[in-house]
Structures are given as C-alpha cells and as structure tokens.
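Q: Structure provided below as structure tokens; questions to follow.
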Amino acid sequence: MTKAIEINCETGQVIERALTALEIEANEAAAAVYLEQKAEADRLAAEKAATKEAVLAKLGLTADEVAALLG
Amino acid sequence: MPTTFTKIAAVTVGAGGAASIDFTSIPSTYTDLCMKVSLRNATSFRNVTINFNNSSANFTLRFLRGDGTNTFSGTYTDFGFNSFGYAPLDGTDTTNTFNNAELYIPNYASANFKSSNLDLVTENNGSTAQAYMQAGLWSQTTAINRLTIAPFSGNFVQYSTATLYGIKNS
C-alpha cells in the first residue's frame, strides 16, 4: 500500500493512511509539469548549442579554437 | 529568557517507506514555522513537493540550483505545486545518502500572502549533487495549518525524517 504518514500537531497522534485520489492526482500533475518544463529547457539548450555550432561553422573555427582565442 | 524555538512534531519514516509526510492541525500560536528534513526518494524522480493546506494553486517560485555540472535559475509564476527541491534517488545516487533541507515560513498565520525560503543540499559521492535555494510566495491569505511533503512518485525511504518547529518572536 502507498501510505501517507499523518501527524496531528495538536494531539500528537500519528496515523498511517492510504494516499487520497486527490494527493495521487496532485503528485502526477506535478511530475507532468516538471517533465514538460524539463523538455522545454532541454529543447532551448539544444537550440542554443546548434546556433553556436552554426556560427562556429561560418567562422571556420572549432569550439576549442574559440576558447583559445578568448583565452 | 523566552523559549522561541519549539519542536511541534517530528517523524521518522519506517520500514516500507512513506508516500507523503503530512503535518496537520498546526497551531496558529507561533509567529513563524521552520521545517527541517532529511529525505531520500525511492523511485523515478529526485523531486520533492510541499503543499500548504492541501492547496496546489497560487505558488510562485524563484530558485538557484547547481548540480555539480550546470547551474540553473528560474522563476515559476502561479505554479500548480510548490517545489521542495530534491532528494537523493535510490538506485542512482550513493546508497544511504539523504538530503538536508530547511524551509522557513515567516508569519504563517497572518492574513497576508505567505513567503517562504528553502535552503537545501543533497549528498552524493558522484558528479551529481544538488545545491538549491528557493524563495517562494503562496498568494493566498488563509493561515497555514497543514504542510504536506511528497516525492513526485513512490516513497520516501526508511529513516527519512521531518521535524516541524514553531518560532515565537518573544
């Protein structure tokens, strides 16, 4: 069973209960939002890297050569 | 000298793990709240969330993060959940390592929007370990009386701990 530990701060009572449907749904939604944002961040990073590569190709330089030039 | 920092409740996850740790009926008699945790996730994700009063709405976050290779920063406006950073992941990160995090919520019982700050590190004897700072805003005016932390999926492993403190200003 997937259980939640619930601590009542007024009484000190600790119970173990099953996750509610709402809690399961919230966790799944949070994971979906995270994965969506990660995919977008990865896409932007790949786009940036491709742009950099294209500029270097136009200049006829490698990334190492640019790094050496900029010292 | 007044007692300004009081342990309200603490829990250690037992055998079999737990899918959430839920502090309910938090008294409104303190000025601020502070939660200190040591967590490790069992499956799939390093991410951990925290919800206030079971709400999944009106959270805005600004964060800085480093993972040993890259640095990240960002703002999430009107987020559907409140990030509680990261924890080491079973099967991926070094065995028996946990995170170390502190969340501070000033004026949690006020009728204003609630700000918070989170400082966190994870332990991992490898190239990926997280250092994370976050400022949060919950744009609701209800007093906070419930804090729930959970991994995205699966369980916190055994021996994960969470302790909630109340702080009085005098």
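The values are calculated or read from the model by the stated rules, or taken from the named source; none is laboratory data. Because the structure is predicted, anything quoted here is derived from the model rather than measured. With ideal geometry, Cβ positions are generated from the backbone for all residues, glycine too; neighbour counts draw on all protein chains shown.
Q: Under 30 Å from residue B:29 (Cα atoms) and either at the interface with another protein chain (Cβ under 8 Å from one of its Cβ atoms) or surrounded by 12 or more Cβ atoms within 10 Å (Cβ to Cβ) (or both): which single residue out of A:2, A:11 fits that description? If you could, list the steps in order and put the result at the bottom.
A: Details: A:2 fails: under 30 Å from residue B:29 (Cα atoms).
Exactly one residue qualifies, and that residue is A:11.
Q: Just to check your reading of the model, which residue among B:68, B:74 is surrounded by fewer than 19 Cβ atoms within 10 Å (Cβ to Cβ), of a type outside the set (Ser, Thr, Tyr) and under 20 Å from residue A:31 (Cα atoms)?
A: Going through B:68, B:74 in turn, just one is surrounded by fewer than 19 Cβ atoms within 10 Å (Cβ to Cβ), of a type outside the set (Ser, Thr, Tyr) and under 20 Å from residue A:31 (Cα atoms): B:74.
Q: So, of the residues in the stretch B:76-129 that are within 14 Å of another protein chain (Cβ to nearest Cβ) and farther than 14 Å from residue B:50 by Cα, which turns out to be modelled with the lowest pLDDT?
A: The extreme case among them is B:78.
Q: Another question, if that's okay. Being of a type in the set (D, E, K, R) and under 18 Å from residue B:142 (Cα atoms) is the requirement here; does residue B:114 meet it? Show your work before the answer.
A: On the way: of a type in the set (D, E, K, R): yes; under 18 Å from residue B:142 (Cα atoms): yes.
In short, yes.
Q: Quick check on my filter: what residues within the stretch B:18-52 are more than 7 Å from chain A (Cβ to nearest Cβ), polar (S, T, N, Q) and more than 14 Å from the chain's Cα centre (by Cα)?
A: B:28, B:29, B:31, B:43, B:44, listed by residue number.
Q: If you don't mind, there's one more thing I want to ask. Restricting to the stretch B:122-145, name every residue that is in a strand (DSSP E or B) and either surrounded by 15 or more Cβ atoms within 10 Å (Cβ to Cβ) or of a type in the set (Asp, Glu) (or both).
A: Hits for the stretch B:122-145 are B:122, B:131, B:132, B:133, B:134, B:136, B:137, B:138.
Q: Taking residue A:70 as meeting all but one of (1) of a type outside the set (Gly, Ala, Ser); (2) out of contact with any helix residue (DSSP H, G or I) (no Cβ under 9 Å at 6 or more places or on another chain); (3) within 14 Å of chain B (Cβ to nearest Cβ), write down the number of the exception.
A: Against the list (1) of a type outside the set (Gly, Ala, Ser); (2) out of contact with any helix residue (DSSP H, G or I) (no Cβ under 9 Å at 6 or more places or on another chain); (3) within 14 Å of chain B (Cβ to nearest Cβ), residue A:70 comes up short only on (3).
Q: OK, next. Exactly one condition in (1) touching a Ser or Thr at 6+ places or on another chain (Cβ under 9 Å); (2) assigned to a helix (DSSP H, G or I); (3) within 13 Å of chain B (Cβ to nearest Cβ); (4) at pLDDT 85 or above is not met by residue A:27; state its number.
A: Single failed check for residue A:27: (4).
Q: What tally of residues in the stretch B:98-121 results from selecting those that are over 25 Å from residue B:68 (Cα atoms) and either touching a residue at least 40 places away in the same chain (Cβ under 8 Å) or surrounded by 22 or more Cβ atoms within 10 Å (Cβ to Cβ) (or both)? Quick ask: steps written out before the conclusion?
A: So in the stretch B:98-121, the residues over 25 Å from residue B:68 (Cα atoms) come out as B:104-116.
Filter once more, keeping what is either touching a residue at least 40 places away in the same chain (Cβ under 8 Å) or surrounded by 22 or more Cβ atoms within 10 Å (Cβ to Cβ) (or both): B:104-109, B:114, B:116.
Total satisfying the criteria: 8.
Listed here are the residues, each with its yes/no results for (1) within 18 Å of residue B:146 (Cα to Cα); (2) in contact with a strand residue (DSSP E or B) (Cβ under 9 Å, 6 or more places away or on another chain).
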position	(1), (2)
B:16	no, yes
B:25	yes, yes
B:60	no, yes
B:72	no, yes
B:86	no, yes
B:91	no, no
B:104	yes, yes
